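Input: a single structure, listed below in structure tokens.
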Amino acid sequence: MLKEKKITELNIGDFVVKIASQSGSYKLTASGHIKNSAVINNLKSKQVHSVIVDTSKAKAAENKSKKQIVTEQVKQAQAIFKQSKVIQKKLFDDALSGATIELGPVVDVTNKSIDAIIESPDSLACIVNIRAKDEYLLEHSVAVSVYMTLFARYLEIDRDIIEQLAIGAFLHDIGKIKIPDSILNKPGKLTDEEFTIMKTHANHSIDIIEKTPGVSELSLEVAALHHEKLNGQGYPFRIKGENISQYGRMIAICDIFDALTANRVYKDGFPHSKAFAILRELAQQNHLDASLVDHFIRCVGVFPVGSLVQLESKKLALVKQRNEGDPTNPKVHSFYSVQLNQYLNTQEIDLKASDDFIVKGVRAEEFNLDMNQIIEMLMMDG
């Protein structure tokens, strides 16, 4: 039996035959079952108002616990992040050899990231916090693309724009492959001459992206502007003030935040609280847009999902979910005793309804712990 359903009435398992009403011009590639909430969110983003469903073909949604669903979402996020790194490596290899960049895989994986973020923003945000120290070059652009997507979604930017922003962020540092390793991976401060060479990566990125078939002007713009500053002292064009678009200001924040918080072979990243303080300081110096910095901090969260915190009870916990309206008291998963220096039975704690509270944000390395092992352990525990 065919029946018209509003998008707000759609359920996982419904069999969609065709679009009934919409404000846009979106076309279904084929009829089929709604497999997850990301599909419904995508239809909403395309301004679809209602669809025709075949009630005789509806599938009962799988009866899964919330823990099972979260675990699956984290595993999906891990797979997307891993695939993104493989694609990023191929891009760098092609750019180094002078081959033309293939945009198709980038479009595919950034759309997967967008869908995952729409369905479960906390899962992908969590995975971004688990990084390999020796893969910074690969992971940085992937992470910036994720942050850019999270930020754009928070600002309620249209889906088609988010897709272009995510692609631009994914490609923004591709020119770094042209920089000598001795400069790119130097542990200490760069000399003036070395920094001059390092800055040319932005020009290399622009040249490579401009030659990429199918890339949009907006994706190029985002990549080109990621090192510009409001005071005109950025590079490569020394663009100033209002001439830097909102999207250029956004990627500058995402780029700096990830650079500050990521671990590298020669340097541990800053805790998120320290990184936020640095972003605000840069805004005061008219490097970054102060209003957007505040929005970004609210978007990521005072204690971001996937970050570690130390509780007043001397336990370490992983932030698992934000509490809207109470950003300093998220839901956490405690797992380790600082006093006993040992793992504990895991416990889910909603700090909004608990006497315990966060003392400070910490990093796993401070306690000789491995974030990957922590995540795997918590996933096994559900």
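Nothing in this text is a laboratory measurement; each read-out follows from the coordinates by a stated rule. In this text, all values refer to a predicted model and were calculated from it rather than measured experimentally. FYI the Cβ positions are ideal-geometry reconstructions off the backbone, even for glycines, and counts take in every protein chain you see.
Say each of GLU156 and GLN246 gets a label point 7 Å from the Cα, pointing the same way as Cα to Cβ; how far apart are those two points in nm?
1.1 nm
Per DSSP H run of at least 4 residues, take -39500 (n - 2.57); add these up for the chain, divide by its residues and hand me the 222 nm value, nearest 500 deg cm²/dmol.
It lands at -15000 deg cm²/dmol.
Too long at a 23 Å Cα-Cα cut-off: which of LYS6/LYS35; LYS267/LYS320; LYS35/LYS352; LYS35/LYS112; LYS267/LYS314; LYS267/LYS315?
Exceeds cut-off: LYS267/LYS320; LYS35/LYS352; LYS267/LYS314; LYS267/LYS315.
Can you pull out the trypsin sites (Lys or Arg not before Pro) in segment 104-211 whose DSSP state is coil and whose Cβ has at most 10 other Cβ atoms within 10 Å?
In loop regions of segment 104-211 (DSSP not H, G, I, E or B), the sparsely surrounded trypsin sites (Lys or Arg not before Pro) are LYS189.
From the residues ALA290, ILE244, ILE197, which one has its Cα farthest along the dipole of segment 154-300 in the positive direction, the dipole being from +1 and -1 charges on Cβ of Lys/Arg and Asp/Glu about the Cα centre?
Ranked along the dipole, the leading option is ILE197.
Suppose every K and R has +1 on its Cβ and every D and E has -1 on its Cβ; what is the size of the dipole of the chain about the Cα centre, in Debye to the nearest 20?
Charge dipole, the chain, about its Cα centre: 600 debye, nearest 20.
Describe numerically, in nm with one decimal, the distance between label points set 7 Å from Cα along Cα→Cβ at GLN83 and at LYS3.
For GLN83 paired with LYS3, the spin-label model returns 3.3 nm.
Exposed loop sites here are chymotrypsin sites (Phe, Trp or Tyr not before Pro) in DSSP loop states with at most 16 other C-beta atoms within 10 Å. What is the longest stretch of the chain lacking them?
Answer from the scan: 27-236.
Could you order peptides 345-352, 123-130 by the average number of other Cβ atoms within 10 Å of their residues, highest first?
The most tightly packed comes first, giving 123-130, 345-352.
Taking only Cα atoms of the chain, what ratio of Rg to Rh do you get with Rh as the Kirkwood inverse-distance radius?
Rg divided by Rh gives 0.98.
Of ILE118, GLY188, TYR136, which is farthest towards the positive pole of the chain's charge dipole, taken about the Cα centre with +1 and -1 on the beta-carbons of Lys, Arg and Asp, Glu respectively?
Checked the options; the winner is ILE118.
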